[in-house]
């Protein structure tokens, strides 16, 4: 018991001395005394937490740099795609040059290519009227087959010329050609892919070509059916293109402002531009179908039947243009 009392007294004395030591350091601040082991033990967990936080910060910074690098690469890729599209458009404009029917002028189909085509088409139509008048006179005068053939071949070559001019003009402004803005309103109403439907034209000619042999009737029927099938295929292709383009544009819809959305928008628009590029191909195929139908019809018919067919085709479109003019000039209440 004496030893225990002695230790208790000693402890009390030490505690008092410790308190006095702390008070001497001012403001009652506690200054550890002989506690280096405890300090070391308390510092070690603090250092580990700091190191862990630093490691986490470094990892977050690394991921941020990777995301930024990926975003920059995506932007660069989109810029390259847009630059390529601009180069292709510029190339198309530079290549869009054709020689006028007189053969002494060249016209650049860039910038005001639509207006240039409209002028060329008006000149072509004027020349066709002269050719048709010559053919009508020859038919009424019962000209020889050889004379009729020269005129008919000239008219067919004239049709070939407008198809070539349309192909060049489409490189500059495919929408102008497809929409038929170079036609009268009544003509535009019945337009199919920038021109007439070959199968419908053959139906209109049926009553103007009689009498026909059985072989001719079979040939024209097969031509009409094959033309109809080709028209249906092209129409379905255009519908598929429209659906695909709509899905592409709808896929880029969303809240604007973030860098990710900007890059996505640029990518989607580049894809849409690429799909629009196929419009020129559809127009070219449609014009090829029209051109081939006219030539195959000529091969099936005799020269006098072909003459009557060309006159009927011209008269139909001429009346359609006249109907459009009468409609626009009608009195309005």
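The values are calculated or read from the model by the stated rules, or taken from the named source; none is laboratory data. No experiment lies behind these values; they were computed from the predicted model shown. Glycine also receives a Cβ, built like all others from the backbone with ideal geometry; neighbour counts cover every protein chain displayed.
Can you tell me how many residues within the range 274-314 are assigned to a helix (DSSP H, G or I) and under 23 Å from residue 233 (Cα atoms)?
Total meeting the criteria: 22.
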Over the range 125-138, the set of residues under 13 Å from residue 154 (Cβ atoms) and either buried (at least 17 other Cβ atoms within 10 Å of the Cβ) or in contact (Cβ under 8 Å) with a residue 12 or more places away in the chain (or both) is 127, 128, 131, 132, 134, 135, 138
Check whether at least one residue in the range 204-219 is modelled with pLDDT of 90 or more, part of a helix (DSSP H, G or I), under 16 Å from residue 290 (Cβ atoms) and out of contact with any strand residue (DSSP E or B) (no Cβ under 8 Å at 6 or more places or on another chain), and report yes or no. yes
